[in-house]
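These notes are about the structure you will find just below.
The values are calculated or read from the model by the stated rules, or taken from the named source; none is laboratory data. What you see is a predicted model, and the numbers here were worked out from it, not measured in a lab. Neighbour counts are summed over all protein chains in view; Cβ atoms, including those assigned to glycine, are modelled from backbone coordinates with ideal geometry. The accessibility values were calculated without ligands, DNA or RNA, using every heavy atom of the protein model including side chains. Shrake-Rupley method; radii C 1.70, N 1.55, O 1.52, S 1.80 Å.
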Amino acid sequence: MHPMPRHAITIGLLAVAPLLATAQQPTLGARAVPIITKDGLRFKDLDHNGTVDLYEDWRRSPEDRARSLVARLTLEEKAGLMMHGTARSFGPMGIAGVGTQYDLGLNRTLIDSAKVNSLITRLGGTPMELARQNNALQQIAESTRLGIPLTISTDPRHHFQYVLGASVQSGRFSQWPEPLGFAALDDTALTRRFADIARQEYRAVGIQETLSPQADLATEPRWSRINGTFGEDANVAARMVRAYVQGFQHGTHGPDSAGVMAVVKHWVGYGAAKLGYDSHNAYGRVAEFSGQSLDYHVTPFIGAFAANVAAVMPTYSILEGATLNGEPIEQVGAGYNRQLLMDLLRGRYGFEGVILTDWAITNDCDTLCLSGVPQGQRPTFAHVAMPWGVEQLTKPERFIKAVNAGVDQFGGTEESHILVEAVRAGSLLEARLDESAYRVLVQKFRLGLFENPYVDFRKAARTVGTAAFQREGTRAQARALVLLENKNRLLPVKAKGKRVFLIRIDPKTAARYGFIVVRDPAKADLVIARMDAPFETLHPGYVFGAMQHEGDLGFREGDAELDTIRRVSAKVPTIVTVYLDRPAILTPIAAMAGAVVANFGVSDAALLDVLTGKAKPEGRLPFELPSSMAEVEAQKPDVAHDSRRPLYPIGFGLSY
């Protein structure tokens, strides 16, 4: 990568760079601008001036084109480039973009008036309709003064668990295990292949940016967001992150016109969450550090840097007890922390891409944000904010502090006018906005969006979730299963003619394998049951606290599912698979069941493939499973696999 100099630049003195040595006509997509022919080649006249300007000339480098375009931007357009907003949809959750159709009127206001041209999509629906909807947004952007295309981003769509703000309901995208499953296999080729397939599916529907991978380490087993990580081993995570970025970005040199720009997150130390509470919430704003462990949490990000990741997202968390270069780290969230962004990220590691904040860090955190809504009331997103460590600053002061700390783009907001007013008041240098606008534009040019931001909706229908892609996803789900117990070689089982009692397994799927499904466990030869890792809802007065899995990792007496397993396993050989979104304490399950299988998102078909021997479990635990809550509470939240007596150590896994 070739960054814009970090000091103030004089764009007016831009030298005319030579043309690229080889000029191959790209496909142009134009709906609102004319096409110009020059030297036998075709170019989009994005500014309608009848000439091929440098930024319109695809023969020039992305860096030269970006510098040229920055020189033509108004202050309002520069500020707009620094917003990463939300594509609005129709429906009750339209402000969050949830639905099946965009509200083009509201989005036109964002793009035209606020000058925003990076938007997250949470739209569902068929691939064909999603492609059509994204094309409609791009046509609005192409109609603006300089025709700057949108970069459309998404949270992950290829996994099983859905949490608003962390993932998107998949629709028809191919389904794969959670990142923990890839870590369980530690197979870089598979991770790269998954990301390459996801890349193809995203680009087919008009998505060019993925708000992933999550390079955080699962060192605190109670933490609510472990399912999105690659576990607690930093070296495994670094390998997985590198392969993931390579697959999405279509190579090792940053994204290209076939790639999807990756945003590695959350820089840095998010997984050391104090008591496991997540920093989406005021009560979870602190990550707790001891000793020199911060370097261990940096390690997975080095894998992303090796793959030339396009963007980095800072963590919400305040790093309590952490030091950098022997100095205490300022007690503010990473989006406001110059030590973490400029000294460590850009300085020590030489990162030159976009720094994109996590969502809502500049919002005001009112009383309901800090303390939660009263008991009996339902929390709403109206009170969501994560300005940790700078709650007492005004909103403009927060924007200014973040920009001066190194932020290029603000997630989840479209308040570009605040930056404009700060520059005009002399509180912020316009040259600093130039730097960020440049970094954002370079990625748009690399992605080929200025040439063709549109997609073929018919191709989208043929590409997304194909049978071939889904077969690969199902195979990965099966391989990633971790066999923890297999007493008396219960597995694999011969399905044909065997009477089975099912708990949360589809009877029709089981019948296809030859099982005879019975409704009375007393008449069964075998029981197959699904369970989820246990959790508590400790903070229902907070939006994310109400959704996230917190608290105790152990099964509690009186739990209905546990009682059922105890009852049936006393009489019938029982196979239990547990979805591990956190490292559950499986002591009672291991004692009762004949076989225990850990999963990280698995379909019934993939599960039964393994249980019947059609496939083999190949996974190894990406984190240790503790033996008791006393052991969990004795651990340090920033230190990996430090339980004294784990029930199953990290890396454990049987096979057959």
Checklist entry - What ratio of Cα Rg to 2.2 N^0.38 Å holds for the chain? => result 0.99
Checklist entry - For residue 590, what charge total do you get from the other residues with a beta carbon under 11 Å from its beta carbon, if Lys and Arg give +1 and Asp and Glu give -1? => result 0
Checklist entry - With no solvent and one point on each alpha carbon, what is the Debye value of log10 I(q)/I(0) for segment 222-339 at q = 0.15, 0.16, 0.20 Å⁻¹? => result -0.68, -0.76, -1.09
Checklist entry - What's the angle, to the nearest 10 degrees (0 to 90), between helix 395-405's Cα axis and the longest principal axis of the chain? => result 90
Checklist entry - What spacing in nm lies between the two simple spin-label points modelled at residue 496 and residue 302, each 7 Å away from Cα in the Cβ direction? => result 5.4
Checklist entry - Relative to the longest principal axis of the chain, what angle (0 to 90°, nearest 10) does the C-alpha long axis of helix 188-205 take? => result 60
Checklist entry - Roughly speaking, what is the stretch gain from residue 323 to residue 38, that is 0.36 nm per residue apart minus the C-alpha to C-alpha distance, in nm to one decimal? => result 96.9 nm
Checklist entry - Roughly speaking, what is the stretch gain from residue 256 to residue 564, that is 0.36 nm per residue apart minus the C-alpha to C-alpha distance, in nm to one decimal? => result 105.6 nm
Item to check | Gap separating the Cα centres of segment 85-145 and segment 337-358, nearest whole Å | outcome: 30
Next on the checklist: For the chain, take the longest principal axis of its alpha carbons; what is the angle in degrees between that and the long axis of helix 430-446, to the nearest 10 within 0 to 90?
Outcome noted: 60
Checklist entry - What's the percent breakdown of Cα-Cα distances in segment 412-502 across 10 Å bins, shortest bin first? => result 11, 17, 19, 16, 14, 14, 7, 3
Checklist entry - Rounded to a whole number, what % of the accessible area of the chain do carbon and sulfur atoms account for, probe 1.4 Å? => result 52
Next on the checklist: I want the local charge near residue 419. Using Cβ-Cβ distances under 14 Å, sum +1 for each Lys or Arg and -1 for each Asp or Glu among the other residues.
Outcome noted: -3
Next on the checklist: What value in Å³ per residue do you get for the convex hull of the alpha-carbon atoms in segment 58-185?
Outcome noted: 146
Item to check | Value at 222 nm in deg cm²/dmol, rounded to 500, when DSSP H runs of n ≥ 4 in the chain each add -39,500 (n - 2.57) | outcome: -9000 deg cm²/dmol
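Using DSSP, restrict attention to beta bridges with both residues in the chain and report what percent are antiparallel, rounded to the nearest 5.
Among the beta bridges of the chain, antiparallel pairing accounts for roughly 25 percent.
Can you list the GluC sites (Glu not before Pro) in segment 386-474 that are in a DSSP coil and have 15 or fewer other beta carbons within 10 angstrom? Display every interim value, and only then the final one.
On the way: sites: 391, 397, 414, 415, 421, 430, 435, 451, 472; in loops: 391, 414, 415, 451.
Here no GluC sites (Glu not before Pro) fit, given the DSSP loop and packing criteria.
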Item to check | the chain - accessible surface per residue (Å², probe 1.4 Å) | outcome: 37
Checklist outcome for this item: The size of the Cβ-based charge dipole (Lys, Arg +1; Asp, Glu -1) of segment 447-536 about the Cα centre, to the nearest 20 debye, is 660
Checklist entry - What chymotrypsin sites (Phe, Trp or Tyr not before Pro) in segment 417-526 are in a loop by DSSP, with at most 13 other Cβ atoms within 10 Å of the Cβ? => result none
Checklist entry - In terms of Cα to Cα distance under 20 Å, which aspartates and glutamates are near enough to residue 487, apart from those fewer than 8 places away along the same chain? => result 525, 609, 618
Checklist outcome for this item: From the Cα centre of segment 37-72 to that of segment 214-232, the distance in Å is 44
Checklist outcome for this item: For residue 237, the net charge from surrounding residues (Cβ-Cβ under 12 Å; K, R +1; D, E -1) works out to -2
